[in-house]
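Trainee: Have a look at the structure that comes next, please.
The values are calculated or read from the model by the stated rules, or taken from the named source; none is laboratory data. Predicted model, so just to flag it, every value in this text is computed and none were measured. Here the Cβ positions follow ideal geometry from the backbone for every residue, glycine too, while neighbour counts run over all protein chains shown.
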Amino acid sequence: MLKTRPIAIALILAAIGLSPLAEAQTPPASAWPEPNADAMPAGALKEVVLYGRKLFNETYAVIGPDVPNRAMRYSGNNLSCKNCHLGGGTEKFALPLIGVFGMFPADMARENEVRTLEDRIQGCMERSMNGRQIPVSGKEMKAMVAYIQFLSIGVPTGRAPEGRSTPPLPVMARAADPKRGAQVYLDYCEECHMKDGRGMRNGVAGDAKGYTYPPLWGPDSFNDGAGMHRVIASASFIRANMPFGTHYDKPQVPVEDAWDVAAYINSQDRPKMANLDRDYPIRARKPVDAPFAPHPDNFPLSQHKYGPFQPILDARRAGATAPAATAAPAAAAAPAAGR
Ligand code: HEC
Ligand code: HEC
């Protein structure tokens, strides 16, 4: 008797269209998850997830170029994954990893091939971290994947959560202007990232302690093959997330300034990646703002670097390979980042 009562109530609720379990456990579709690995039940999996989180938030201290064990020096700079994937990959429109576990394997334009989550992590290792691949079957890769899976619990598989990547940004009718961007940099960015763009370390060079304010260019920054080196991707990240503490729904940097400062940062010296011409073997799948040749059209490379992007987007849409004679300004927003 005691056992049948709750079941009877559940059946009645189900009959009138309410499911008490579903009501209690499923957050509204718009809720952004707030995963906390510290709250996981103790055990071996938690240990691995916490190691993944450490690798993600303090990359420089475990696999950075200055760690004592040379064999562990996979990363070529002292950034951490979280310097770009803010909040350790948990913040909406700040390149989150929430839900990303269920988005792979995916058909990637850069290689024109279906790639795994591990492959995607290697992409950021070789470009954003200016380093080399980590062993796929090693402890570090397992931990990073476990952490990203943990961040993705409860998010439907195969459906990009709203808040992935960075928000789309309206394109400008003119090219982004690095000269104007230099002034924007002084106004909004220099106090943290410093005049020379080298950022501010937690300690001193060589101590593997990373940065309070990460470098935006120079030898210890991401290389020229990184996603952040593309003006559309960079401007949209900056507009939604910088100065640090900015929330995407209350941006502080005006749209034009975000474009110009992104152009300024991406005009500075940084490490170079070899063989970039081999990226995007199907040129029609190449993001319009990839700042390196070849492109499937006759727009000058400077226009792929700085815009204006609308004519290129229009030409791509029309399947044209040459600059369109009549470029009608149609869509007002550029996708934040092409995959
Ligand atoms: C300099 C900035 C930067 C750093 C540092 C960085 N990434 Fe990324 N990462 C990006 C950008 C930009 C993208 C592309 C996002 C997009 O396509 O919208 C990306 C994409 C990803 C994705 C795919 C996300 C998706 O939505 O499909 C994964 C996974 C990832 N990074 C993992 C890592 C890991 C792990 C590290 C540290 C080892 C790292 N990243 C370091 C900038 C960075
Ligand atoms: C109040 C200090 C502060 C200001 C001002 C600031 N940033 Fe940042 N920025 C940060 C911090 C801190 C991070 C790393 C976030 C983390 O690790 O959690 C960061 C990360 C970044 C990154 C990604 C990491 C990298 O090394 O490339 C870019 C790009 C960036 N900032 C650009 C800008 C631009 C452009 C401006 C000016 C519009 C700006 N920031 C203003 C503190 C600041």
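Trainee: Please go through region 104-150 and give me each residue that is more than 9 Å from ligand 1 (Cβ to nearest atom) and aromatic (Phe, Trp, Tyr), ordered by number.
Mentor: Phe150
Trainee: Tally up the residues in region 185-227 that are within 16 Å of ligand 1 (Cβ to nearest atom), in contact (Cβ under 8 Å) with a residue 40 or more places away in the chain and part of a helix (DSSP H, G or I), please.
Mentor: Summing the residues that are within 16 Å of ligand 1 (Cβ to nearest atom), in contact (Cβ under 8 Å) with a residue 40 or more places away in the chain and part of a helix (DSSP H, G or I) in region 185-227 gives 2.
Trainee: Restricting attention to region 149-163, and to residues there that are surrounded by 11 or more Cβ atoms within 10 Å (Cβ to Cβ) and polar (S, T, N, Q), which single residue is nearest to Arg53 (Cα to Cα)?
Mentor: Filtering region 149-163 for residues that are surrounded by 11 or more Cβ atoms within 10 Å (Cβ to Cβ) and polar (S, T, N, Q), the one nearest to Arg53 (Cα to Cα) comes out as Gln149.
The rows are residues; the columns are (1) under 27 Å from Val204 (Cβ atoms); (2) not basic (Lys, Arg).
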| site | (1), (2) |
| --- | --- |
| Gly227 | no, yes |
| Val231 | no, yes |
| Arg239 | no, no |
| Val253 | no, yes |
| Trp259 | no, yes |
| Asp269 | yes, yes |
| Arg278 | no, no |
| Asp289 | no, yes |
| Phe292 | no, yes |
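Trainee: Among the residues in region 55-76, are any surrounded by 23 or more Cβ atoms within 10 Å (Cβ to Cβ) and either within 10 Å of ligand 2 (Cβ to nearest atom) or among the basic types (Lys, Arg) (or both)?
Mentor: No, region 55-76 contains no residue that is surrounded by 23 or more Cβ atoms within 10 Å (Cβ to Cβ) and either within 10 Å of ligand 2 (Cβ to nearest atom) or among the basic types (Lys, Arg) (or both).
Trainee: Check off (1) of a type in the set (A, V, I, L, M); (2) buried (at least 19 other Cβ atoms within 10 Å of the Cβ); (3) touching a residue at least 60 places away in the same chain (Cβ under 8 Å) for Ala182 and give me the number that stays unchecked.
Mentor: (2)
Trainee: Please note which helices (runs of 4 or more DSSP H) are completely contained in region 228-324 and include at least 1 residues that are in contact (Cβ under 8 Å) with a residue 24 or more places away in the chain and in contact with a Gly (Cβ under 8 Å, 6 or more places away or on another chain).
Mentor: Working: elements: 231-241, 255-265, 301-306, 310-317.
So the answer is 231-241, 255-265.
Trainee: Return yes or no: is Arg127 at pLDDT 95 or above, away from ligand 2 (no atom under 16 Å from the Cβ), under 16 Å from Gly227 (Cα atoms) and not assigned by TED's automatic domain parsing to the domain that holds Ser221? Quick ask: steps written out before the conclusion?
Mentor: Numbers: at pLDDT 95 or above: yes; away from ligand 2 (no atom under 16 Å from the Cβ): no; under 16 Å from Gly227 (Cα atoms): yes; not assigned by TED's automatic domain parsing to the domain that holds Ser221: yes.
Against the criterion (at pLDDT 95 or above, away from ligand 2 (no atom under 16 Å from the Cβ), under 16 Å from Gly227 (Cα atoms) and not assigned by TED's automatic domain parsing to the domain that holds Ser221), Arg127 does not qualify.
Trainee: Also: Give region 257-273 a look and list any residue that's touching a helix residue (DSSP H, G or I) at 6+ places or on another chain (Cβ under 8 Å) and more than 14 Å from ligand 1 (Cβ to nearest atom), or say none. Can you show your working first?
Mentor: Here is the first cut: in region 257-273, the residues touching a helix residue (DSSP H, G or I) at 6+ places or on another chain (Cβ under 8 Å) are 257-267, 270, 273.
Selection gives Asp257, Ala258, Trp259, Asp260, Val261, Ala263, Tyr264, Ser267.
To keep it simple, each residue is scored yes or no on (1) within 19 Å of the chain's Cα centre (by Cα); (2) within 13 Å of ligand 1 (Cβ to nearest atom); (3) polar (S, T, N, Q).
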| position | (1), (2), (3) |
| --- | --- |
| Gly43 | no, no, no |
| Arg53 | yes, yes, no |
| Gly64 | no, yes, no |
| Arg70 | no, no, no |
| Asn77 | yes, yes, yes |
| Ser80 | yes, yes, yes |
| Cys84 | yes, yes, no |
| Leu95 | yes, yes, no |
